[in-house]
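These notes concern the structure reproduced below.
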Amino acid sequence: MSEHPILREVLARVMQRSANSRRIYLERVAAARRQGVQRGALSCTNLAHAVAAFPQNDKLRLTEMRQPGVAIISSYNDMLSAHQPYERYPALLRDAVRSAGGVAQFAAGVPAMCDGVTQGQPGMELSLFSRDAIAMASAIGLSHNTFDAALYLGVCDKIVPGLLIGALHFGHLPAIFVPAGPMASGVANKEKARIRQLYAQGKIGRAELLDAECKSYHSAGTCTFYGTANSNQLLMEVMGLHLPGAAFVPPQGELRDALTQAAARRAVEISVQAPEYMPLAHIVDEKCIINAVVGLLATGGSTNHTLHLVAIARAAGIVLDWDDFNRLSSCVPLLARIYPNGDADVNHFHAAGGVAFVLRELLDAGLLFDDVNTVLGRGLRAHCADPHLQDGVLRWRPALASSADEGVLRPVAQAFAADGGLKLAQGNLGRAVIKVSAVKSEHRVVQAPALVFDSQEAFMQAYKAGQLERDFIAVLRFQGPRANGMPELHSLTPALANLQDAGFKVALVTDGRMSGASGKVPAAIHVSPEVLAGGPLGLVRDGDMLRLDANSGELQALVEGAEWAQRSQAGADLGANRYGMGRELFSHMRSQVSTAEEGAASFALPGQELA
């Protein structure tokens with residue numbers, strides 16, 4: 001089937017606005033590649049340092065300049081449950097690369113923080129900028145220029161986007177992303193949310209809350225709700241950067257090990273001097289980026305990717321904006337109900353048919369581009385397959401013909417909703433993103449007086465004092481990347497949900513972020529420009545009538561024009577956000593970060609670095 005006309009329309013617009021930066025990017029990629037192994041450019045002294053610690057057989061392979069060298073870039077640490085399984089991956093990868101005729105070297109470990117640990121804490125103000133720090137750490141590992149392909153080990157929030165941004169700056173190298181899989185299902189996510197709301201109401205204590213949380217997050221693997229971490233994994237599949245079906249196989253077991261080893265062997269097969277050479281820059285193109293947006297929309301994925309996909313695209317010289325998300329959302333149906341957009345978790349989604357089913361449905365409906373490069377080199381339809389072991393050998397079989405649970409996963413013809421549930425909201429308060437896939441229709445339009453806060457703590461103090469039991473739209477300002485690094489505001493969710501459940505009309509408008517698991521309360525987030533950059537959200541005062549219409553995309557202060565024009569920007573004392581918990585080390589990023597709609601990135605488009 002030919003592609004949907006809206007896909008072709010968005011593709012034409014993206015290609016037109018990206019023409020110069022994409023050309024410069026591809027020229028740089030071509031210049032970085034050399035014929036023969038990359039380490040052939042090194043002097044004898046350089047090369048001796050690079051191989052000194054390796055076994056004699058591997059050393060011989062590397063110095064003879066015939067076999068590929070494969071970099072391992074890992075975000076392993078054993079505090080992140082999703083990344084703990086990576087502890088033993090380097091040995092698996094080295095052996096598998098060796099069996100395929102290459103040599104793998106652990107090139108770099110990159111930082112990996114857990115947003116679940118830092119939510120509501122000062123350390124959360126480093127979270128978004130950790131993405132760019134990970135990209136830079138990846139570049140440092142690859143700067144030795146000894147590698148012909150790379151394997152990237154990462155799962156969670158800012159980590160996979162950071163790894164991919166770093167990898168794209170070495171776009172002449174083939175790249176395969178190696179996941180670790182989700183933990184087994186624990187306490188149901190809906191029950192977990194209920195308990196959090198009870199705690200926020202003071203109806204249960206810390207001991208009961210901690211018990212429920214520990215039963216939710218209980219073992220190695222990704223958290224099972226469909227937040228940013230699991231959205232990352234789905235997107236790597238849609239973009240063709242995983243082996244098919246790798247995302248949601250559990251960490252434990254022979255199938256996961258077989259997929260990990262197969263990824264290593266495939267990296268050798270597509271390495272720089274191999275006949276099937278497939279550089280990352282030729283995979284991540286305009287069609288690939290649009291496919292990623294479609295995959296995100298079709299599954300109700302994380303709002304954080306309205307930042308991350310923009311930043312990833314820009315690293316490849318591609319200019320993506322929120323109008324593109326909004327336009328694609330108008331034609332992409334919602335095929336999955338995964339918490340917070342439903343009761344199921346990613347394990348249920350995977351069992352119902354998972355990514356392979358979604359890809360096949362979208363391709364058959366003309367809602368994805370099939371004629372793209374992937375790590376398999378055969379177009380995206382080759383990824384509509386599920387892995388399994390047959391007599392101990394890794395095989396793939398076609399995606400399920402029909403969903404195993406239509407309460408979780410549906411075909412396009414019986415979609416849960418006609419659109420992707422992620423919309424652009426705009427008006428005299430700026431431009432924002434709103435996720436409506438988890439918001440009931442009766443809550444999607446809120447017109448109420450503003451209550452203005454400058455911190456999460458101020459909001460929670462008002463909530464605990466009983467001052468918020470009324471209709472209102474909370475305006476939480478000075479939460480953008482320049483102000484304080486744009487921390488997630490997930491700790492507000494239980495309080496807002498309680499107020500909504502009590503019958504009040506409530507909403508949130510902020511230049512900050514919510515969790516990738518943004519839920520049932522309407523929230524216009526990432527408002528751009530942010531208040532510290534002169535954004536109009538800084539003109540709002542307590543009592544102003546605001547209107548947030550998630551159906552029409554209206555974000556408006558209903559204030560008389562002359563009065564609005566006379567107002568001055570609000571000020572705030574942000575001194576306490578400038579130091580402590582390492583925040584002072586990131587001051588240069590805050591000073592030069594782009595807007596949220598430009599990806600909240602500290603890197604420029606190719607060709608604009610010296611502008």
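The values are calculated or read from the model by the stated rules, or taken from the named source; none is laboratory data. Nothing here was measured: the structure is a model prediction, and the numbers come from that model. Counting neighbours? That spans all protein chains shown, and the Cβs are built from the backbone with ideal geometry, glycine included.
Scanning segment 538-554 turns up no residue that is farther than 22 Å from V446 by Cβ, touching a residue at least 24 places away in the same chain (Cβ under 8 Å) and of a type outside the set (D, E).
With of a type in the set (A, V, I, L, M, F, W, C), more than 27 Å from F170 (Cα to Cα) and surrounded by fewer than 24 Cβ atoms within 10 Å (Cβ to Cβ) as the only criterion, which of A356, A298, A336 stands out? Exactly one of A356, A298, A336 is of a type in the set (A, V, I, L, M, F, W, C), more than 27 Å from F170 (Cα to Cα) and surrounded by fewer than 24 Cβ atoms within 10 Å (Cβ to Cβ), namely A356. Within 25 Å of G607 (Cα to Cα) and surrounded by fewer than 17 Cβ atoms within 10 Å (Cβ to Cβ): is that true of A53 in this structure? When the stated conditions are applied, A53 does not pass them. Identification of strands (runs of 3 or more DSSP E) wholly contained in segment 516-569 with 2 or more residues that are within 18 Å of A596 (Cβ to Cβ) yields 523-528. Would segment 135-145 turn up any residue that is surrounded by 17 or more Cβ atoms within 10 Å (Cβ to Cβ) and closer than 20 Å to G227 by Cα? No, segment 135-145 contains no residue that is surrounded by 17 or more Cβ atoms within 10 Å (Cβ to Cβ) and closer than 20 Å to G227 by Cα. Would you confirm, using the coordinates I've provided, whether A576 is over 26 Å from the mean Cα position of the chain (by Cα), part of a helix (DSSP H, G or I) and either at pLDDT 90 or above or not basic (K, R) (or both)? So A576 passes the test. Count of segment 66-89 residues, restricted to those that are of a type in the set (K, R) and modelled with pLDDT of 95 or more, is 1.
Would you mind stating whether A413 is within 30 Å of H388 (Cα to Cα) and modelled with pLDDT of 95 or more? So A413 fits the description; yes. Take the conditions farther than 23 Å from E3 by Cβ and under 19 Å from the mean Cα position of the chain (by Cα) and apply them to I312. Does it pass? For I312, the condition - farther than 23 Å from E3 by Cβ and under 19 Å from the mean Cα position of the chain (by Cα) - is not met.
Take the conditions (1) at pLDDT below 90; (2) part of a helix (DSSP H, G or I); F54 misses just one of them, which is (2).
Restricting attention to segment 453-495, the residues that are over 14 Å from G512 (Cβ atoms) and within 25 Å of the chain's Cα centre (by Cα) total 1. Within segment 404-424, residues that are at positive phi and surrounded by 19 or more Cβ atoms within 10 Å (Cβ to Cβ) sit with their Cβ atoms under 9 Å from residues that are part of a helix (DSSP H, G or I) and modelled with pLDDT of 95 or more, at 6+ positions apart or across chains, in these pairs: G421/L297; G421/S329. Screening Q273 on (1) touching a helix residue (DSSP H, G or I) at 6+ places or on another chain (Cβ under 8 Å); (2) within 16 Å of A150 (Cβ to Cβ); (3) not hydroxyl-bearing (S, T, Y); (4) not in a helix (DSSP H, G or I) shows it passes everything except condition (1).
Restricted to segment 352-403, and to residues there that are assigned to a strand (DSSP E or B) and aliphatic (A, V, I, L, M), the residue that is nearest to the chain's Cα centre (by Cα) is A385. Just one residue in the set F325, F349, F357, F369 is of a type in the set (F, W, Y), closer than 30 Å to V272 by Cα and touching a residue at least 40 places away in the same chain (Cβ under 8 Å); that residue is F369.
Close Cβ contacts (under 6 Å, 6 or more residues apart or on different chains) running from residues in segment 212-229 that are over 19 Å from G301 (Cα atoms) to residues that are β-branched (V, I, T) and in a loop (DSSP other than H, G, I, E, B) comprise A212/V187; K215/V187; S216/V187.
Residues in segment 262-295 that are among the polar types (S, T, N, Q) and buried (at least 24 other Cβ atoms within 10 Å of the Cβ) were compared, and the one that is nearest to Q414 (Cα to Cα) is N291.
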